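**Student:** A single structure is presented below for examination.
Derivation of every value follows stated rules applied to the coordinates shown; laboratory data play no part. What you see is a predicted model; the values in this text were computed from it and never measured. Quick reminder, even Gly has a Cβ in these numbers, built from the backbone with ideal geometry, and neighbours come from all protein chains shown.
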Amino acid sequence: NEMNYVVFVLLHSINNLSQAEAERIMLTAHLTGTAIVTVCPKEIAEFYQERLLSYGLTATIEPE
């Protein structure tokens, strides 16, 4: 996915995420292949995962 698209999806999928945070997450994922987007309760994580997947991004949930 294009970098700008990933930032767009993050901003529209994850509540209270700033532009700078979305860019940092995108760049980390771009450089390392993975990034932690947020730490939250499982139910919220599942909701965020569904949103990210609906935009074509890969998203997994891991226990803290």
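**Student:** If you check every pair at least six apart or on different chains, which have Cβ atoms under 9 Å apart with a residue in the range 31-51 that is more than 16 Å from residue 12 (Cα to Cα) first and a residue that is basic (Lys, Arg) second?
**Tutor:** Filtered contacts from the range 31-51: 35/24.
**Student:** Among the residues of the range 44-56, is any assigned to a loop (DSSP other than H, G, I, E, B) and among the acidic types (Asp, Glu)?
**Tutor:** Checked the range 44-56: no residue is assigned to a loop (DSSP other than H, G, I, E, B) and among the acidic types (Asp, Glu).
**Student:** Further question on the same structure: Which residue, of 11, 57, is touching a residue at least 12 places away in the same chain (Cβ under 8 Å) and surrounded by 14 or more Cβ atoms within 10 Å (Cβ to Cβ)?
**Tutor:** Answer to the check: 57.
**Student:** Please go through the range 31-43 and pick out each residue that is farther than 17 Å from residue 1 by Cβ, more than 12 Å from the chain's Cα centre (by Cα) and in a loop (DSSP other than H, G, I, E, B).
**Tutor:** Selection gives 40, 41.
**Student:** Give me the residue from the range 4-30 that is assigned to a loop (DSSP other than H, G, I, E, B) and within 16 Å of residue 52 (Cα to Cα) and, out of that set, nearest to the chain's Cα centre (by Cα).
**Tutor:** 14
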